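Q: Got a structure for you, questions after.
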Amino acid sequence: DPVVLCDYATIAGAGNPPFGLHPHYGMIAVTTVLKGCFMDADNINPPDGHLNEAGGIYAVSAGRGVCHEEKTATEGSHKAIQTIFKIPEDKKDLLPELVKVSSGDLPMVEVLGRTSKLADTDFRRVAC
């Protein structure tokens, strides 16, 4: 099964959760921010000040290994969905990659006559 975990989180306050830098290996973690904003850091890139805001996506493809952290960047209420996927055995030795996509950079798609961003922050409006 390629999906290992899918977590919906509601987090209050700044600097939460306080996990700090932690390792990942052989998996891809994709975080979609629904509300609020999150900061991120890792052991392969210098700090860039980027904030992952509502509608944005942050993905970590750990490959052979990476340490990263995500935590809320401001006070208030924050919501996110994080899905973890297994990397196939023959791809686990790839270098890690981190991708940050702001809401404004996500493509628009049309499904069943409705137009929406590929990652929609209000899932009640998505036609299935």
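Q: Filter segment 61-79 down to the residues that are in a loop (DSSP other than H, G, I, E, B) and charged (D, E, K, R), then identify the one that is farthest from E97 (Cα to Cα). Break it down into steps so the answer makes sense when it comes.
A: Going residue by residue through segment 61-79, those that are in a loop (DSSP other than H, G, I, E, B) are 62-65, 73-76.
If we keep only those that are charged (D, E, K, R) as well, we get 64, 75.
Details: R64: 10, E75: 29 Å.
Result: E75.
Q: Out of segment 34-46, which residues are in a strand (DSSP E or B) and either open to solvent by 40 Å² or more (accessible area, probe 1.4 Å) or farther than 14 Å from N16 by Cα (or both)?
A: Answer for segment 34-46, where residues must be in a strand (DSSP E or B) and either open to solvent by 40 Å² or more (accessible area, probe 1.4 Å) or farther than 14 Å from N16 by Cα (or both): L34, K35, M39, D42.
Q: Assess whether T74 counts as being in contact with a Cys (Cβ under 9 Å, 6 or more places away or on another chain) and either open to solvent by 60 Å² or more (accessible area, probe 1.4 Å) or under 29 Å from G15 (Cβ atoms) (or both).
A: Values: in contact with a Cys (Cβ under 9 Å, 6 or more places away or on another chain): yes; either open to solvent by 60 Å² or more (accessible area, probe 1.4 Å) or under 29 Å from G15 (Cβ atoms) (or both): yes.
Taking the combined requirement at face value, the residue satisfies it.
Q: Let me ask something additional. Scanning segment 47-60 for residues that are in contact with a Leu (Cβ under 9 Å, 6 or more places away or on another chain) and assigned to a strand (DSSP E or B), which turns out nearest to M108 (Cα to Cα)? Spell out the reasoning first.
A: The first filter runs over segment 47-60 and keeps only residues in contact with a Leu (Cβ under 9 Å, 6 or more places away or on another chain), leaving 54-60.
Now restrict to residues that are assigned to a strand (DSSP E or B): 57-60.
Details: I57: 15, Y58: 18, A59: 19, V60: 23 Å.
Here the answer is I57.
Q: Out of L118, L94, I need the residue that is open to solvent by 50 Å² or more (accessible area, probe 1.4 Å) and either within 17 Å of D7 (Cβ to Cβ) or modelled with pLDDT of 90 or more (or both). Which one? Before you say what the answer is, go through the steps one by one.
A: Numbers: L118 fails: either within 17 Å of D7 (Cβ to Cβ) or modelled with pLDDT of 90 or more (or both).
Matching residue, one of L118, L94: L94.
Q: Which condition does T83 not pass, out of (1) open to solvent by less than 70 Å² (accessible area, probe 1.4 Å); (2) part of a loop (DSSP other than H, G, I, E, B), if it passes all the others?
A: For T83, the exception is condition (2).
Q: Could you tell me whether T83 is within 21 Å of P18 (Cβ to Cβ) and among the β-branched types (V, I, T)? Break it down stepwise before answering.
A: Working: within 21 Å of P18 (Cβ to Cβ): no; among the β-branched types (V, I, T): yes.
No, not satisfied.
Q: For segment 18-39, check the following and say yes or no: at least one residue is in contact (Cβ under 8 Å) with a residue 40 or more places away in the chain, of a type in the set (F, W, Y) and touching a Gly at 6+ places or on another chain (Cβ under 6 Å). If you could, list the steps in order and put the result at the bottom.
A: Going residue by residue through segment 18-39, those that are in contact (Cβ under 8 Å) with a residue 40 or more places away in the chain are 18-38.
Remaining after also requiring of a type in the set (F, W, Y): 19, 25, 38.
Those still in the list that are touching a Gly at 6+ places or on another chain (Cβ under 6 Å) too: 25.
The answer is yes, given that some residue of segment 18-39 is in contact (Cβ under 8 Å) with a residue 40 or more places away in the chain, of a type in the set (F, W, Y) and touching a Gly at 6+ places or on another chain (Cβ under 6 Å).
Q: Among the numbered conditions (1) buried (at least 16 other Cβ atoms within 10 Å of the Cβ); (2) assigned to a loop (DSSP other than H, G, I, E, B); (3) of a type in the set (V, I, T), tell me where T31 comes up short.
A: (2)
Q: Going residue by residue through segment 6-22, is there one that turns out to be under 18 Å from G104 (Cα atoms) and charged (D, E, K, R)? Spell out how you get there, then give the answer.
A: Just the residues of segment 6-22 that are under 18 Å from G104 (Cα atoms), to begin with: none.
No: zero hits.
Q: Where the second residue is part of a strand (DSSP E or B) and open to solvent by 80 Å² or more (accessible area, probe 1.4 Å) and the first is among the aliphatic types (A, V, I, L, M) and lies in segment 86-110, which pairs have Cβ atoms under 7 Å and are six or more apart or on separate chains?
A: M108/T115
Q: Further, regarding this structure: Check whether at least one residue in segment 47-61 is polar (S, T, N, Q) and open to solvent by 70 Å² or more (accessible area, probe 1.4 Å), and report yes or no. Talk me through it step by step, then tell me what you get.
A: If we filter segment 47-61 for residues that are polar (S, T, N, Q), which is where we start, we get 52, 61.
From the residues that got through so far, the ones that are open to solvent by 70 Å² or more (accessible area, probe 1.4 Å) too are none.
Scanning segment 47-61 turns up no residue that is polar (S, T, N, Q) and open to solvent by 70 Å² or more (accessible area, probe 1.4 Å).
The values are calculated or read from the model by the stated rules, or taken from the named source; none is laboratory data. Everything quoted here is computed from the prediction, not taken from an experiment. FYI the Cβ positions are ideal-geometry reconstructions off the backbone, even for glycines, and counts take in every protein chain you see. Note: areas computed on protein heavy atoms with side chains; ligands, DNA, RNA excluded. Shrake-Rupley method; radii C 1.70, N 1.55, O 1.52, S 1.80 Å.
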